[in-house]
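Taking it in order: structure first as structure tokens, then the write-up.
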Amino acid sequence: MLMDAHVHIALNGLFNRRSWKASPIERKTQWIREIFKQYKMRNISILRDGGDGIFASRLAREIAPSEGIIYKSPIYALYRKGFYGSFLGKPVDGLDSFKEEFKSLLEYRPDHLKIVLTGIVNFEKYGDVGATTFTLDEMKYMVEWAKDCGLPVMVHANGREGVGRAVKAGVNTIEHGYLISEAELYGMAERGIVWVPTLAPLGNILASEDGRFEKEREVIQRVYEGQVENLKKALEIGVKVALGSDAGAYLVGHGSGLLDEVEHFERAGLKRGDIERMCLENGAKALQLKDFEINPGIIR
Ligand SMILES: [Zn+2]
């Protein structure tokens, strides 16, 4: 059994925002089941979603038990108004706005809080990941609120500044974490933060013949190689690393994406058995799965 600790079920080749909104529940259910099939045929039965703005992951979570899948959803992510993240969730602008949005979010019973703290890796400019959009105080506040409500905090962050801030705020998992240094890795190790390095989005572009990012290839290669080096360092240092494919991203398929991620981990010199063990053990930590959830004898 495998686990993908970072997927976006709303991003896929079957539907988009428009067709989703225009379709009846039967059609939506069919689409979700179709995507689940891609996971099940590869023995991937535990998924954690990173959020969307159309409630697709909410429906997926409802359907999951009937497909024998454990599915954790933040429902939608929270991002800073005016910055990256609009297709992943809802904007907040300061703490009052967070409190209000968080209150509405809780009504949907999210499994974790997803915060988008920085932008994504800029393929045109090495080192650029956009702005770090919440202050340390704001981060601490949001993390505390979530933890008071029993929710782990999943944070999208790239770059030293953003990841450093997420570490200081005491989040549970850091997603992507491209372009960071040893200091941030030590921080994660010390605080027991799980790192999900999502190698597939960049690695799959490099592995393909795809011409879309021809001009950006050099930057992508450099950033990817840095990530592989950091992965090696992280494991030496004792960071808990989990596997998440970012399925739904460009060239990262549902189901196949996790197997790509495993291959990228192999490129970092890891053995298959160790990767699969990390995938389950650290993934379970990322999802805060209880023993009874993961024990197949008890799964309904
Ligand atoms: Zn993501």
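The values are calculated or read from the model by the stated rules, or taken from the named source; none is laboratory data. Here the structure is a predicted model, which is why all the values come from computation and not from measurement. Neighbour counts are summed over all protein chains in view; Cβ atoms, including those assigned to glycine, are modelled from backbone coordinates with ideal geometry.
List every residue pair whose Cβ atoms sit under 6 Å apart, with the two residues 6 or more apart in sequence or on different chains, where the first one lies in the range 208-237 and is under 19 Å from Val194 (Cα atoms) and the second, anywhere, is modelled with pLDDT under 95.
Between residues of the range 208-237 that are under 19 Å from Val194 (Cα atoms) and residues that are modelled with pLDDT under 95, the close pairs are Val228/Ala268; Leu231/Ala268; Lys232/Ala268.
Collect the residues in the range 30-68 that are β-branched (Val, Ile, Thr) and in contact with a helix residue (DSSP H, G or I) (Cβ under 6 Å, 6 or more places away or on another chain), keeping them in residue-number order.
Ile32, Ile44, Ile54, Ile63, listed by residue number.
Say we look at the range 166-185 and pick out the residues that are within 16 Å of the ligand (Cβ to nearest atom) and of a type outside the set (A, V, I, L, M); which of these is nearest to Gly50 (Cα to Cα)?
My answer is Glu175.
Being part of a loop (DSSP other than H, G, I, E, B) and either β-branched (Val, Ile, Thr) or in contact with a strand residue (DSSP E or B) (Cβ under 9 Å, 6 or more places away or on another chain) (or both) is the filter; apply it to the range 204-251 and report the residue that is surrounded by the fewest Cβ atoms within 10 Å (Cβ to Cβ). Break it down into steps so the answer makes sense when it comes.
Taking the range 204-251 and keeping what is part of a loop (DSSP other than H, G, I, E, B), we get 208-216, 238-239, 242-246, 248, 250-251.
Going one step further and asking which of them are either β-branched (Val, Ile, Thr) or in contact with a strand residue (DSSP E or B) (Cβ under 9 Å, 6 or more places away or on another chain) (or both), we end up with 239, 242-246, 248.
Working: Val239: 26, Ala242: 25, Leu243: 28, Gly244: 31, Ser245: 31, Asp246: 26, Gly248: 23.
The residue in question is Gly248.
Can you tell me which residue among Ser73, Ser45, Ser57, Ser66 is surrounded by fewer than 24 Cβ atoms within 10 Å (Cβ to Cβ), among the polar types (S, T, N, Q) and either within 16 Å of the ligand (Cβ to nearest atom) or within 17 Å of the chain's Cα centre (by Cα) (or both)?
On inspection, the qualifying residue turns out to be Ser45.
Check whether at least one residue in the range 189-199 is assigned to a helix (DSSP H, G or I), within 16 Å of the ligand (Cβ to nearest atom), within 21 Å of the chain's Cα centre (by Cα) and of a type in the set (D, E, K, R), and report yes or no.
No, there is no match, as no residue in the range 189-199 is assigned to a helix (DSSP H, G or I), within 16 Å of the ligand (Cβ to nearest atom), within 21 Å of the chain's Cα centre (by Cα) and of a type in the set (D, E, K, R).
Can you tell me which residue in the range 84-116 is nearest to the ligand (Cβ to nearest atom), limited to those that are surrounded by 15 or more Cβ atoms within 10 Å (Cβ to Cβ) and farther than 15 Å from Gly51 by Cβ?
Phe98
Does Phe36 satisfy the condition of being on the phi > 0 side of the Ramachandran plot and either of a type in the set (A, V, I, L, M, F, W, C) or away from the ligand (no atom under 16 Å from the Cβ) (or both)?
Numbers: on the phi > 0 side of the Ramachandran plot: no; either of a type in the set (A, V, I, L, M, F, W, C) or away from the ligand (no atom under 16 Å from the Cβ) (or both): yes.
It is false that Phe36 is on the phi > 0 side of the Ramachandran plot and either of a type in the set (A, V, I, L, M, F, W, C) or away from the ligand (no atom under 16 Å from the Cβ) (or both).
Search the range 25-53 for residues that are free of Cβ contacts under 8 Å to residues at least 40 places away in the same chain and pair each with any residue that is within 16 Å of the ligand (Cβ to nearest atom) when their beta-carbon atoms are under 6 Å apart and the residues are at least 6 apart or on different chains.
Partner pairs satisfying both residue conditions: Ile32/Ala60.
Condition first: surrounded by fewer than 24 Cβ atoms within 10 Å (Cβ to Cβ), touching a Gly at 6+ places or on another chain (Cβ under 8 Å) and farther than 29 Å from Cys149 by Cβ. Now tell me which residues in the range 180-203 satisfy that.
Within the range 180-203, just Ala183 meets the criteria.
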